[in-house]
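The values are calculated or read from the model by the stated rules, or taken from the named source; none is laboratory data. Just so it is clear, the model here is predicted, and its values are computed rather than measured. In this analysis, Cβ positions are derived from the backbone assuming ideal geometry, glycine residues included, and neighbour counts consider all displayed protein chains. Only protein heavy atoms, including side chains, enter the accessible area calculation; ligands, DNA and RNA are left aside. Shrake-Rupley method; radii C 1.70, N 1.55, O 1.52, S 1.80 Å.
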Amino acid sequence: MAIDTVIKYLCEKRQEMPFSASFIIEILGTISFTVSGVYSALQKRLDILGVLVIAFVTATGGGTIRDVLIGVTPVTWMRDLTLPCVILITTPATIIFRKKVRDYKITLFLFDAIGLGLFTIIGLQKGLSVSLHPAVCVVLGTVTGCFGSVVRDVLLNQIPTLFRTEIYATPSIAGGILYFVLLPVVDKTVVEVICIIFISGIRIIAFTRKWRFPSFL
């Protein structure tokens, strides 16, 4: 019954909102990071409440920090319940279908990489919406894309991926720069798609080829 209420709310909310690429990107990013959070929690064998909390902070952590930095309060998910509703639907759906997944680590990584690309673009757009300098927008894109996983990893008592030698934030930064290079000459929606593929693709290639930054120890 609760799920029915959530779905009804989403349908009503969708009718109120104009169709836009940004809306789709934000929903897909929220789904991707929610799935990533669920699989991270399942690896730690948390109970249902723990899984939901980890899924929620993974999906909203970066956006929350971004909103606080630019002075948008209450933060987005508090003013619009669309994203929390998406999380509430995605979390049990992921748990139900988890047995069809053979390797939690690969699934976690893929959804994390996709979420990284999607949320980086959302962060860039939020910065542009308040007329910030492109360099600051790139920082906001990186924060939005990376810091949900940082909060997730801290809560799960492990060193965040961002602070390891893995290439994680670099694709976000490079994708943000590419966004502003292409924006004056290419349609905005096309630029968004290109940059999402670029960011997620670089993250996946770096992981599969084991590209890493040198360690100082």
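Only one entry of Gly145, Gly176, Gly201, Gly127 meets the criterion of being under 17 Å from Ile24 (Cα atoms) and small (Gly, Ala, Ser), and that entry is Gly145. Taken together, Val143, Val139 contain a single residue that is of a type in the set (Val, Ile, Thr), open to solvent by 70 Å² or more (accessible area, probe 1.4 Å) and not in a loop (DSSP other than H, G, I, E, B), which is Val139.
Of all residues in the range 59-84, those that are within 10 Å of Val143 (Cα to Cα) and without any contact (Cβ under 8 Å) to a residue 40 or more places away in the chain have Cβ atoms under 8 Å from Cβ atoms of residues that are open to solvent by 60 Å² or more (accessible area, probe 1.4 Å) and not in a loop (DSSP other than H, G, I, E, B), 6 or more apart or on another chain, in Thr64/Trp77.
Only one of the listed residues (Gly37, Gly148) is surrounded by 17 or more Cβ atoms within 10 Å (Cβ to Cβ), more than 21 Å from Cys195 (Cα to Cα) and out of contact with any Cys (no Cβ under 9 Å at 6 or more places or on another chain). That residue is Gly37.
Of the candidates Val72, Val51, the single residue that is surrounded by fewer than 22 Cβ atoms within 10 Å (Cβ to Cβ), farther than 25 Å from Gly201 by Cβ and among the β-branched types (Val, Ile, Thr) is Val72. Condition first: in contact with a helix residue (DSSP H, G or I) (Cβ under 8 Å, 6 or more places away or on another chain), within 18 Å of Val151 (Cβ to Cβ) and aliphatic (A, V, I, L, M). Can you find one or more residues in the range 89-97 that meet it? The answer is no, given that none of the residues of the range 89-97 is in contact with a helix residue (DSSP H, G or I) (Cβ under 8 Å, 6 or more places away or on another chain), within 18 Å of Val151 (Cβ to Cβ) and aliphatic (A, V, I, L, M). I want to confirm something. Restricting to the range 100-117 and keeping residues that are part of a helix (DSSP H, G or I) and more than 19 Å from Ile54 (Cβ to Cβ), which single residue is modelled with the lowest pLDDT? Among them, the one singled out is Lys100.
Residues that are open to solvent by less than 70 Å² (accessible area, probe 1.4 Å), touching a residue at least 40 places away in the same chain (Cβ under 8 Å) and under 18 Å from the mean Cα position of the chain (by Cα) within the range 172-197 comprise Ser172, Gly175, Gly176, Tyr179, Glu192, Cys195, Ile196, listed in sequence order.
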